[in-house]
Amino acid sequence: MPADSTLIVAVEEKEESPFQSLVERSKHEDFIRRAVDLLVERVVFGRSSRNAKVVEWATPSEIKTAIDLKPRDNPVSHDELLAIIADVARYSVNTGHPYFVNQLFSSVDPYGLIGQWLTDALNPSVYTYEVAPVFTLMEEEVLREMRSIVGWPEGEGDGIFSPGGSIANGYAISCARYYFYPEVKNKGVYAVPKLVLFTSELAHYSTKKLTTFMGIGGDNCILVKTTENGKMDVEDLETKINEAIEDGATPFLVTATSGTTVYGAFDPLVEISALCKKYNLWLHVDAAWGGGALMSRKHRHLLAGIEMADSVTWNPHKLLAAPQQCSTFLIRHKNILKDGHSSEAKYLFQKDKFYDTSYDTGDKHIQCGRRADVLKFWFMWKAKGSEGFEKHIDRLFDNAQFFVDHIRQREGFRLVIDNPECTNIMFWYVPTCLRGRENDPDYKERLHKVAPKIKERMIKEGSMMVTYQPQGNLINFFRIVFQNSALDHKDMIYFANEFERLGKDIVV
Ligand code: ABU
């Protein structure tokens, strides 16, 4: 059957409609049902089997040949569209696969997925109560609960769903600056002193990027040294604050990290918050990655002191496994988001509406149109309860500890940090040709070449997906990320075996 080539895409038949011939419910319904069946069979379940490949590697020219990427003048048939869906899935990375452990997100949560599909079926934009009544209230409840889990007193604060952790970290800079210098809103950077902020050298790059974006200047994002295990060095922080003051700059913000991107380190929040108090600085905690640990009574100690923060980034799409994208920015001060960002567009935020317009929450965002990212997370929360999230987190940490203990005593593996704090583990895999050669002058240079070679093999075989990187003075090492609680100890052994299989005979 050919696809509908009309301008109107509708799923409901209207008896008297002059467009009746254009509006063919049965045709659309048939297409949607077949497409959903295909997604369920091939994408959701077929690809998450351990026997499936994580990735079907193809070069750009192979993908261009396999999928007609060019938009065309003529429509294609429904059958062709279904074939296209299958091809898009085939050449996309299977992030729901248990052996996709490459990034700080993975897996397919069934409730999160249905929440995401429901969001797309409803197609809301969350700026006013009149357009998104349920989601406005849902956001309020979820964000209130998250603030309470952070440890702020009931009734305090505010929050938003943000398009990613980077933007949430940018909101922290904007809110902190507005808090100290409200004149910045209208007069801009010209009306405020030369501001500087601090974050660790292992913090996510977004803080520096957003410092640049906001006109403060990337050089004014001062990077604080880290200790051996990747935590912010509090002594160096104080030294750098004093140096900045002596240079005539005005410190206003420290962004600490709970769960750094590569090391998974948790900065010492209690000590950092004491310095923030001493120097009257805003404390933001980027807990995009590690925030999920707050759901676990066993592991929330890692974020001790977070309740002293002025604001927090926490991404449920990371450790809590909500579908992409689900990021939040939480703030302890009630009106800063609204006062600092509102622009009172009269066509959207009319003050004389018939209902309580304090529910028109869109003006505290820098976005206008905005997806209801809350729904999938809320739906997961309903399905599992907080206790389900706690079990999920405990399982991740248990798997991570098992993996660390396993590779610590296994030939060929060397941990970068002996006792990683989060569920991302860094290690070198040393092939046979380099064992016992640690004192050779070219050892590091040769070991640096191992990770890219193993990565090439694993991607071409599609047997797992694990990322690698250099960091500071450290040569290329692997970072494996456990964020999928469907994994168990047998999978941990699979990963170690797979590194050995792919890497043992590599010659560099
Ligand atoms: N905030 C993005 C993290 C990217 C990653 O390492 O997976």
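For the reader, a short list of remarks on this structure follows.
- Looking across region 95-123 at every residue that is within 16 Å of the ligand (Cβ to nearest atom) and of a type outside the set (A, V, I, L, M, F, W, C), the one that is farthest from V374 (Cα to Cα) is identified as Y99.
- I149 vs. criteria in contact with a helix residue (DSSP H, G or I) (Cβ under 7 Å, 6 or more places away or on another chain), in a strand (DSSP E or B) and aliphatic (A, V, I, L, M): no
- The set of residues from region 299-357 being touching a Cys at 6+ places or on another chain (Cβ under 7 Å) and of a type in the set (V, I, T) comprises I331, I336.
- Boolean, G436 is surrounded by fewer than 19 Cβ atoms within 10 Å (Cβ to Cβ) and under 25 Å from the mean Cα position of the chain (by Cα): no
- Count - residues of region 215-249 that are basic (K, R), crowded, with 18+ Cβ neighbours inside 10 Å and outside any helix (DSSP H, G or I): 1
- Any hit, region 291-308, residues being within 16 Å of the ligand (Cβ to nearest atom) and under 15 Å from N169 (Cα atoms): yes
- Considering region 451-500, and only residues there that are more than 16 Å from the ligand (Cβ to nearest atom) and modelled with pLDDT under 95, the residue that is nearest to the chain's Cα centre (by Cα) turns out to be G472.
- For region 81-93, residues that are away from the ligand (no atom under 16 Å from the Cβ), touching a residue at least 12 places away in the same chain (Cβ under 8 Å) and either in contact with a helix residue (DSSP H, G or I) (Cβ under 7 Å, 6 or more places away or on another chain) or not basic (K, R) (or both) total 9.
- Within region 456-499, tally of residues that are surrounded by fewer than 17 Cβ atoms within 10 Å (Cβ to Cβ), of a type in the set (D, E, K, R) and assigned to a helix (DSSP H, G or I): 5
- In the condition set (1) surrounded by fewer than 21 Cβ atoms within 10 Å (Cβ to Cβ); (2) more than 30 Å from F482 (Cα to Cα); (3) not β-branched (V, I, T), F252 is compliant with all but (1).
- Selection of region 119-134 for residues being within 21 Å of the chain's Cα centre (by Cα) and in a helix (DSSP H, G or I) yields T119, D120.
The values are calculated or read from the model by the stated rules, or taken from the named source; none is laboratory data. What you see is a predicted model, and the numbers here were worked out from it, not measured in a lab. Don't worry about glycine lacking a Cβ; one is built from the backbone with ideal geometry, like all the others, and counts go over all protein chains shown.
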